[in-house]
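J.: First the structure, which I've put down as structure tokens, then a few questions once you've had a look.
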Amino acid sequence: MSILLNGVGVSRGIAIGPAYVYVRATIKVTEYNVPVKHQEKEIKRLHRAVEAASAQLHEIRDKIIRDTPEDILAFIDSHLLMLEDPAFDEGAASIIEEYSCNAEWALQVQCDRLVQVFDDMKDPYLRTRKDDVLHVAQRIQHCLAEVQAGEFEDVNLKGKIIIADDLTPADTLMMQHQKVGALVTEFGGPLSHTAILARNLGIPAVVGAHNARMLIHPGEQLIVDGNYGVIIGEPDRRSLKHYRGLRRELRARKKELNELRNTPTITQDGVTITLQGNIDRPEDIKKLKLQDDAGVGLYRTEMLFLENNEIVDEETQFKNYKRALFRLKGKPLTIRTLDLGADKEINEAFGQGPMAHNPAMGLRAIRRCLKEPETFINQLCAILRVAAYGDVKMMIPMMTSIGELEQISGLIEQAKAQLRQRKVRFNENLDIGAMIEVPAAALSSEIFAHRMDFLSIGTNDLIQYTLAIDRIDDEVNYLYNPLHHAVLQLIQIIIDASKKTGTPISMCGEMASDPRYTRLLLGMGLEYFSVQANVLLEIKDIINNSDISKLRPKVRKILNCHDLHDIEIRVAKLNK
Ligand code: PEP
Ligand code: MG
């Protein structure tokens, strides 16, 4: 018999697959950061895997029966020779050092490089030898995985629907490598960082599905509809047919939108709009590039700290930021300084102080950085250094008062002085912007606009703090609404302040990533959106089919409405 559960759809898409009731565990990742101090260990792990692969091949060779043809022996010998060649081992080791990455990823990069060498060869036979490179690399990867087998739970999550009580951003990051089908949690809200991550990763997700773990059995077939927050257990034939059809439609629409890749974003009345992406880690740029050749309007650097579950040193940060910049190939990178705290916490990083009663209003983001200047200066140094290599901007989260700005400027000067003394190359004049995500900052946005090189609206927190709704508390999520009159007024104040002062303004909060609000924001004067990669083309399509001059008077009327229902109807009409 089918069972129907409801939650809040937080990441769109349809998934059909077996249920996996998730028990929190550390899962093997394909690409992750390895801090400088652990690199030697990582290189040793790589060497051990190469030795193990070599031992396996020797064992196979020893077992080969006597009259085996010479060419097969030669085939194995060539693999053994490859394993002994420093091109593999040393090449991958230097990638670990250069990019502060794990052995698996370094090996993959080195393998791609070697394959490229063979691909470029004129001789067709030599070109086929790239398969040998791939086989050898695969064998080493296999050995690396075996080394880890004891540490990680050996579960294949590909295509499975994860049922959990709640997921931390770190869990979600770990899962993306496993290509899970969908995420369903009993708790959590649409603006939790986990929900944002799921959207960013393009994984359909439903949160607030109470008692899901009790009602859903492991292995049971499920349909998850991330648009409407619906979960169907043991679906009947009719439901399956319906959702398979929907899934096909979504895929077809995606194909259509792909035509917009790398085309300009420009409204019907000729206004060019900047459309960039939000990322959590350098690897996300690959996904962004699959959508559009856009720059990055928000790089949440705290994810690096969360993945390592510790404070990360300057050198490791610098290498990560450089990796992101390198991947962007000349497009701009906006690095946000640490926004740790509240639901983005690392264990024991700041000692065992008493638990904050209200962490969202506590020692979070820039407040925390100002309290821990050493950690902050390390990050400032890393950002200043990477800014010498390309178009990098720095953005400060959760600014509340100009007093903070003065403290920050002092620390930036200290970071510069340190770099000068160390004779390290850095950018003296990088642009520094403020995230406007606290109502106090929104009301003072003209003052911030005068003092900063740019502003960016963080609607996730701006709404949380304006409406006094904890963004991760599903008991009050129903009250969370970007269309609340007060929220719209604050956004308009920020946009007007930026126009008046000529300071560039973007929006990087989730409101910018919601296609329902694109036209409203265009009508309010927003010309720079930083969005989740998976909605970028959909938003571009809406912008290209919008006429700002026609939207403006309608939006002005919306801003004069006080009734939420009335506002919702009018905003929906903009999209017709
Ligand atoms: C925001 O608050 O809108 C924002 C982009 O920051 P975060 O979601 O990381 O708090
Ligand atoms: Mg925020």
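The values are calculated or read from the model by the stated rules, or taken from the named source; none is laboratory data. This structure is a prediction, so every number in the text was calculated from the model and none was measured. Every residue, glycine as well, gets a Cβ built from its backbone with ideal geometry; the counts of neighbours run over all protein chains shown. In case anyone asks, the SASA skips ligands and DNA or RNA and just uses the protein heavy atoms, side chains included. Shrake-Rupley method; radii C 1.70, N 1.55, O 1.52, S 1.80 Å.
J.: For a quick protection proxy, order the peptides 482-488, 510-516 by their average other-Cβ count within 10 Å, most packed first.
T.: Working: 482-488: 18.4, 510-516: 21.7.
My ranking of the peptides, most packed first, is 510-516, 482-488.
J.: Let me ask something additional. Anything over 27 Å Cα to Cα? Flag those among 499/550; 289/319; 37/331; 344/423; 41/393, in the order listed. Could the numbers behind the result be given before it?
T.: On the way: 499/550 20 Å; 289/319 20 Å; 37/331 31 Å; 344/423 34 Å; 41/393 34 Å.
Pairs exceeding 27 Å: 37/331; 344/423; 41/393.
J.: In nm, to one decimal, how far is the modelled label at residue 473 from the one at residue 248, with both set 7 Å along Cα→Cβ?
T.: Once both label points are built, they end up 4.6 nm from each other.
J.: Output wanted: per-residue J couplings in Hz (rounded whole) for region 454-471, from phi through Karplus 6.51 cos²θ - 1.76 cosθ + 1.60, θ = phi - 60°, x for Gly and Pro.
T.: Residue by residue, region 454-471 yields 7, 10, 9, 8, x, 5, 4, 7, 4, 6, 3, 7, 6, 9, 6, 10, 4, 5 Hz.
J.: Continuing with the same structure: Would you mind getting the Kirkwood hydrodynamic radius of the chain from its Cα pairs, rounded to one decimal in Å?
T.: Numbers: mean 1/r = 0.0388 Å⁻¹.
The Cα-based Kirkwood calculation yields 25.8 Å.
J.: Taking H as built 1.01 Å from N, whose amide H comes closer than 5 Å to the amide H of residue 474, not counting residues under 5 places away?
T.: HN-HN under 5 Å from residue 474: 188.
J.: Let me ask another. Please give the helix 86-99 orientation as an angle from the longest Cα principal axis of the chain, in degrees from 0 to 90, rounded to the nearest 10.
T.: It is inclined by approximately 20 degrees.
J.: Note down, for region 395-525, the three equivalent ellipsoid semi-axes (square root of 5 times each alpha carbon gyration tensor eigenvalue), biggest first, whole angstrom. Intermediate results must be reported in sequence, preceding the final value.
T.: Details: eigenvalues 188, 56, 35 Å².
Semi-axes from the Cα gyration tensor: 31, 17, 13 Å.
J.: Show me the ranking of peptides 500-507, 438-445, 400-407 by mean Cβ neighbours inside 10 Å, starting with the highest.
T.: Averaged packing, sorted descending, gives the order 438-445, 500-507, 400-407.
J.: Still on this model: Going by alpha carbons, how many degrees (0 to 90, nearest 10) lie between the helix axis of 402-422 and the longest principal axis of the chain?
T.: The two axes meet at around 30 degrees.
J.: Give the aspartates and glutamates reachable from residue 554 as a straight Cα distance under 15 Å; neighbours fewer than 8 places away on the same chain don't count.
T.: Counting by Cα, and skipping residues close in sequence, residue 554 has these aspartates and glutamates nearby: 566, 568.
J.: When N counts the residues of region 453-568, how does its alpha-carbon radius of gyration compare numerically with 2.2 N^0.38 Å, as a ratio? List each step's numbers first, then the result.
T.: Values: Rg = 14.0 Å, N = 116, 2.2 N^0.38 = 13.4 Å.
Compared with the compact-globule rule of thumb, region 453-568 sits at 1.04.
J.: Residue 241: which lysines have alpha carbons under 25 Å from its alpha carbon, excluding same-chain residues fewer than 8 sequence positions away?
T.: 158, 160, 179, 254, 255
J.: Separate question: Give the calculated FRET efficiency between residue 406 and residue 356 to the nearest 0.05, with a Förster radius of 35 Å applied to their Cβ-Cβ distance. Mind showing how you got there, number by number?
T.: On the way: r = 25 Å, r/R0 = 0.73.
E(calc), rounded to 0.05, equals 0.85.
J.: Same structure, new question: Could you tell me the calculated FRET efficiency between residue 262 and residue 391, based on Cβ-Cβ distance and R0 = 22 angstrom, to the nearest 0.05? Mind dumping the intermediate values first?
T.: Numbers: r = 18 Å, r/R0 = 0.82.
Once rounded, the FRET efficiency stands at 0.75.
J.: For region 269-574, max minus min Cα coordinate along each principal axis, in Å, sorted largest first?
T.: That gives 57, 44, 34 Å along the principal axes, largest extent first.
J.: Something else now. Output wanted: per-residue J couplings in Hz (rounded whole) for region 334-346, from phi through Karplus 6.51 cos²θ - 1.76 cosθ + 1.60, θ = phi - 60°, x for Gly and Pro.
T.: 3J(HN,Hα) across region 334-346, in whole Hz: 9, 8, 8, 5, 3, 10, 7, x, 6, 7, 10, 10, 10.
J.: So which trypsin sites (Lys or Arg not before Pro) in region 359-444 pass both tests, a DSSP loop state and at most 12 other Cβ atoms within 10 Å of the Cβ?
T.: Numbers: sites: 364, 367, 368, 371, 385, 393, 416, 420, 422, 423, 425; in loops: 364, 423, 425.
Taking region 359-444 and a limit of 12 other Cβ atoms within 10 Å, the loop trypsin sites (Lys or Arg not before Pro) found are 423, 425.
J.: How would 40, 302 line up by accessible area, probe 1.4 Å, largest first?
T.: On the way: 40 130, 302 0 Å².
Result, largest first: 40, 302.
J.: Something else: Taking a cut-off of 26 Å, what percent of all Cα-Cα pairs in region 161-319 are separated by more than that?
T.: Value for region 161-319 (Cα pairs over 26 Å): 41 percent.
J.: Roughly speaking, what is the stretch gain from residue 138 to residue 37, that is 0.36 nm per residue apart minus the C-alpha to C-alpha distance, in nm to one decimal? Write out the running numbers ahead of the final one.
T.: Details: separation 101, 0.36 × 101 = 36.36 nm, distance 2.72 nm.
Value of the extension gain: 33.6 nm.
J.: Still on this structure, please answer the following. Taking all protein chains in place and a 1.4 Å probe, what share, in percent, of the accessible surface of region 269-574 do carbon and sulfur account for?
T.: Values: 6150 of 12020 Å².
Taking all protein chains in place, region 269-574 shows 51 percent carbon and sulfur surface.
J.: Sticking with this one: Pulled fully out, how much extra length does the chain show between residue 557 and residue 272, if you take 0.36 nm times their separation in residues and subtract their Cα-Cα distance?
T.: Details: separation 285, 0.36 × 285 = 102.60 nm, distance 2.44 nm.
Once the chain is fully extended between residue 557 and residue 272, it gains 100.2 nm.
J.: I've got another one for you. Placing +1 at every Lys and Arg Cβ and -1 at every Asp and Glu Cβ, with all other atoms neutral, what dipole size does the chain have around its Cα centre, in debye to the nearest 20? It would help to have the intermediate numbers written out before the result.
T.: Values: 72 positive and 80 negative charges, 409 e Å.
Dipole magnitude for the chain comes out near 1960 debye.
J.: Would you work out which of 411, 1, 380 lies farthest towards the positive end of the dipole of the chain? Charges go on Cβ: Lys and Arg +1, Asp and Glu -1.
T.: 1
J.: Go ahead and run the numbers for FRET between residue 549 and residue 421, Cβ-Cβ distance against an R0 of 45 Å, rounding to 0.05.
T.: Efficiency for this residue pair is about 0.25.
J.: Residue by residue through region 197-208, which ³J(HN,Hα) values in whole Hz follow from phi under the Karplus form 6.51 cos²θ - 1.76 cosθ + 1.60 (θ = phi - 60°), with glycine and proline marked x?
T.: In residue order, the calculated couplings are 4, 4, 4, 4, 8, x, 9, x, 8, 10, 10, x Hz.
J.: Along the charge dipole of region 258-364, which of 360, 258, 342 sits closest to the positive end, that is, farthest toward it, with unit charges on the beta carbon of Lys, Arg, Asp and Glu (+1, +1, -1, -1)?
T.: 258
J.: Sort 180, 476, 117 by accessible area with a 1.4 Å probe, largest first. Mind dumping the intermediate values first?
T.: Working: 180 15, 476 45, 117 80 Å².
Ranked list, largest accessible area first: 117, 476, 180.
J.: Rounded to whole Å, give me the distance from the Cα center of region 186-208 to that of region 270-295.
T.: That distance is 20 Å.
J.: Further question: log₁₀ I(q)/I(0) of region 251-381 at q = 0.12, 0.17, 0.19 Å⁻¹, via Debye over equal Cα point scatterers, no solvent, to two decimals?
T.: -0.59, -0.93, -1.05
J.: Moving on. For the chain, what is the accessible area per residue in Å², given a 1.4 Å probe and the full set of protein chains?
T.: Values: 26410 Å² over 576 residues.
Heavy-atom SASA per residue in the chain reads 46 Å².
J.: Amide H neighbours of residue 265 under 5 Å, counting only residues 5+ apart in sequence or on other chains, H built in-plane at 1.01 Å?
T.: Here the answer is 273, since their amide H atoms fall under 5 Å of that of residue 265.
J.: Using only Cα atoms, tell me the angle between helix 373-386 and the longest principal axis of the chain; keep it within 0 to 90° and round to the nearest 10.
T.: In the chain, helix 373-386 runs at an angle near 70 degrees to the longest axis.
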